[in-house]
Structures are given as structure tokens and as C-alpha cells.
Amino acid sequence: MTNSIPTEEKIRTFVDAGSTSLDRYTFVSEKLNEMRAKPIAFRARAAEAAPEPDGGPDSEKGVVFRLNQTGNIFYSTTRPELQEGTKKLFDSVTVLFAAMTKALAEKKKDLFDYGAWSAIISKSGYFVEVQKFTKNLTIENNSLTIDTQIVQQLLPGMTSGSSMEIAKSVLSAINGEYKSERMTEKTKLGHLLFICEELFGAPSVTVRLFFAEKTTHKRITESPCHKTSSVKLELLQEANTFLFVSPDTIAEFAGKFGEAPAAYDGLIKKLSDYIDA
């Protein structure tokens with residue numbers, strides 16, 4: 001994750017983020033959780049989509065995680081090879097996020113500008129708000145660093161490796177923003193995360209816009225994130241949760257990601273118009 005790598009390349013480059021058994025993973029998508037809650041239908045679909053060598057539907061299934069290099073797109077999938085419909089949907093997420101970052105750049109906004117993200121999400125028509133997300137993070141005074149504990153509580157299943165370093169670098173960048181002189185106590189910073197989940201061929205994309213004011217994270221910013229905490233800390237993390245509605249026009253751009261055709265440029269222009277100068 002060096003600065004010499006173009007942002008678009010970071011957006012579409014993913015690294016492994018570990019795995020866990022299916023029974024230990026809670027899907028962010030309500031639709032997929034409901035599907036798994038129906039044992040008969042779920043087992044039939046699981047056996048058909050990913051049959052075990054002995055054909056046993058009770059065999060343990062797993063969930064594999066991936067994270068892109070900007071820390072904005074998170075995959076959790078139950079099969080190594082995505083079905084065509086799932087791949088098309090997930091590719092459209094990558095294209096849309098790339099267009100969003102270009103739109104921010106055109107308006108001289110950075111990736112942590114909560115107001116800019118809110119404007120794009122509320123006006124684009126690609127997102128439907130489904131819930132308010134709040135989570136009390138507990139930072140223990142133990143051997144794990146502060147940033148590691150935060151990532152593990154916000155992204156279950158992520159424990160180590162390159163993906164953990166990407167997530168920690170995002171936290172470090174946010175921490176640096178909070179410390180800048182232009183930040184007031186009430187300035188909100190945001191981080192957009194697309195959560196792309198697939199349950200045996202059934203895909204869903206949920207979007208979370210995490211946000212906080214400097215006052216909320218004051219105790220964290222006073223302690224270096226890459227070090228352990230000397231005391232136990234409590235931190236409230238809030239986010240707006242949206243369902244991503246993938247329009248066909250976005251999906252059509254997926255195969256032309258690096259070519260910047262006129263239609264793709266038009267998408268960027270449309271998104272940038274939603275952002276206040």
C-alpha cells in the first residue's frame with residue numbers, strides 16, 4: 001500500500017482476509033441471515049451449490065474473507081468461485097466506488113469526508129437506508145494493540161495478515177485526520193465500507209457509512225493506535241447502514257473499468273454534482 005500505487009489499482013486489488021466456519025459468522029445482510037435461518041431450504045441450496053465429497057449436508061461449511069487495498073470493499077463468500085450473477089454485482093460495486101472516489105477528487109474532497117459521502121448516498125438513488133448501526137467497542141488493556149481490537153470488533157473474522165494491516169492503516173489515517181489543526185470538536189469524519197456477501201450463490205451488498213466526531217474518539221486519539229492501551233476504554237461507533245441497489249447501467253461498466261468510456265465519465269460527473277463544492 002505505497003503512495004505510488006494509483007488509487008484505482010488499490011480499489012480493485014484484493015487480499016486474503018482469513019476464513020471462519022459458517023456457524024460462527026453472522027451475515028450483515030438481513031436477507032442472507034433469513035435464508036440461513038430456514039434449515040431445510042438452506043441445507044438443500046448448500047448441498048447443491050457446494051456438495052461435500054460424501055454428499056453430507058451436515059459437513060462443516062466455511063466463509064472466506066477478502067478486503068481491497070483501500071479498505072473500502074469487504075468480501076465474505078462461501079465458495080471460492082463466484083457465480084456469474086454474484087461476480088457481476090460485486091464488480092459493479094468496485095466500479096461504482098471507483099467513480100465515487102473520482103467524484104470526490106474532482107470536488108477536492110478526501111475519502112473521510114462524511115458530508116460528501118452522505119450527499120452521494122442520499123442523492124444517487126443507488127442506496128436504501130435500512131438501519132442505524134451502533135456498537136460499543138471495548139478496548140482492553142491487554143497484549144493486542146488498540147487498532148487490532150477495533151478492527152476485530154467491526155469486521156468479525158479478520159485476525160491477521162495483509163488485510164489486517166490495510167484496515168489498521170485506514171484507522172491510522174483517520175486518527176491523523178482527527179489530530180489535524182483544521183478539525184473542530186464537532187467535525188465528523190466518515191469511512192465508507194461496502195460489505196459484499198454471498199451465501200451459496202445468493203449475493204447481497206450492504207453499505208455502512210461509519211462516522212464519529214473528534215470528541216467521541218478523543219480518548220483514542222490521545223493514545224497511539226498501534227500501541228496497547230494501559231487502561232480499559234469504551235468507544236461508541238455509529239454508522240448508517242444501506243442496501244445497495246445495483247442498476248444495470250452500473251453493472252455494464254464493470255468490464256470497462258480501466259477504459260473510462262464516455263458513459264463512465266458521465267457517471268462520475270453525475271456523482272460529483274451531488275457534492276457541495
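Remarks
- Given (1) in contact with a strand residue (DSSP E or B) (Cβ under 9 Å, 6 or more places away or on another chain); (2) among the aliphatic types (A, V, I, L, M); (3) modelled with pLDDT of 90 or more, index of the condition Ile139 fails: (3)
- Evaluation of Gln152 against the conditions (1) without any contact (Cβ under 8 Å) to a residue 24 or more places away in the chain; (2) crowded, with 21+ Cβ neighbours inside 10 Å shows that the sole unmet condition is (2).
- Listing of strands (runs of 3 or more DSSP E) fully contained in the stretch 13-129 that carry 2 or more residues being modelled with pLDDT of 90 or more and of a type outside the set (Phe, Trp, Tyr): 62-68, 73-77
- Only listed residue being in a strand (DSSP E or B) and either buried (at least 21 other Cβ atoms within 10 Å of the Cβ) or more than 20 Å from the chain's Cα centre (by Cα) (or both), chosen from Ser180, Ser163, Ser204, Ser143: Ser204
- If you go through the stretch 235-277 and keep only what is modelled with pLDDT under 80, assigned to a helix (DSSP H, G or I) and exposed (fewer than 15 other Cβ atoms within 10 Å of the Cβ), you end up with Asp248, Thr249, Gly255, Lys256, Gly258, Glu259, Ala262, Ala263.
The values are calculated or read from the model by the stated rules, or taken from the named source; none is laboratory data. All values reported here derive from a predicted model rather than from experimental measurement. Backbone-built Cβ (ideal geometry, glycine too); neighbour counts: all protein chains shown.
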